[in-house]
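See structure below.
The values are calculated or read from the model by the stated rules, or taken from the named source; none is laboratory data. Remember, it's a predicted structure, so these values are computed and weren't measured experimentally. Positions of Cβ are backbone-derived with ideal geometry, glycine not excepted, and every protein chain shown enters the neighbour counts. Surface areas here come from the heavy atoms of the whole protein model, side chains and all, with no ligands, DNA or RNA. Shrake-Rupley method; radii C 1.70, N 1.55, O 1.52, S 1.80 Å.
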Amino acid sequence: MNEKILVIHGPCLNLLGVREPQVYGRTTLAEIDAALREEGARLGLEVECLQSNHEGVIVDAILAGRGSAAGLIINAAAYTHYSIAIREAISASGLPAVEVHLSNIYAREEFRHKSVIAPVVRGQICGLGPDGYVLALRWLARYLSQN
Ligand code: DQA
């Protein structure tokens, strides 16, 4: 059976494509998820995507991934900047995780410069738009094949 990669999108990312397109672009979340599934199939990985506007739902999904997934890609959106609960869920899951942001959070408002989850992920990709997710998936595929 293929290994599974859990992809989690946080609050407001369901509106991608129409939400502040000058910042986040015109690609929709459905298009990002489809590209990830396609790349996953190429890499021999199953990709399961979840979007939620609720912190507890995200925490539950990460913890459920502990037994069922091999890796995690997460764009926690606004929660990135203050959710200790999501940070601790990532740690508790033990999953190799990659943090992704569409925009370059370091080139924006100061409150976005701090990611409370950055210390518990393997790495962070930001500012590369939707490509960041696919790059994260490729890295996880390589990591999992070597570990
Ligand atoms: C974001 C950046 C966050 O600061 C913001 O709250 C988002 C999206 C990004 O993908 O660039 O909702 O995570």
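Structure summary
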item	result
Chain lengthening between GLU109 and HIS54 when straightened (0.36 nm per residue, less Cα-Cα)	17.5 nm
Label point 7 Å beyond Cα of GLU38 along Cβ direction - residues of the range 103-147 with amide nitrogen under 13 Å	131, 134
FRET efficiency estimate (nearest 0.05) - Cβ-Cβ, LEU128 to ILE84, R0 41 angstrom	0.95
The chain: most fluctuating residue of ALA136, ALA76, ALA64 per GNM, C-alpha cutoff 10 Å	ALA64
Of GLY25, VAL59, HIS113, farthest towards positive along the dipole that unit charges on Lys, Arg, Asp, Glu beta carbons give the range 24-133	HIS113
Angstrom value of the Kirkwood radius, inverse mean 1/r, which spans all Cα pairs in the range 1-68	13.0
Per residue solvent-accessible surface (Å²) - the chain, probe of 1.4 Å	49
Rounded to the nearest 20 debye, dipole of the range 1-134 from Cβ charges on Lys, Arg, Asp, Glu	200
Computed Kirkwood radius, in angstrom, where 1/r is averaged over Cα pairs of the chain	15.0
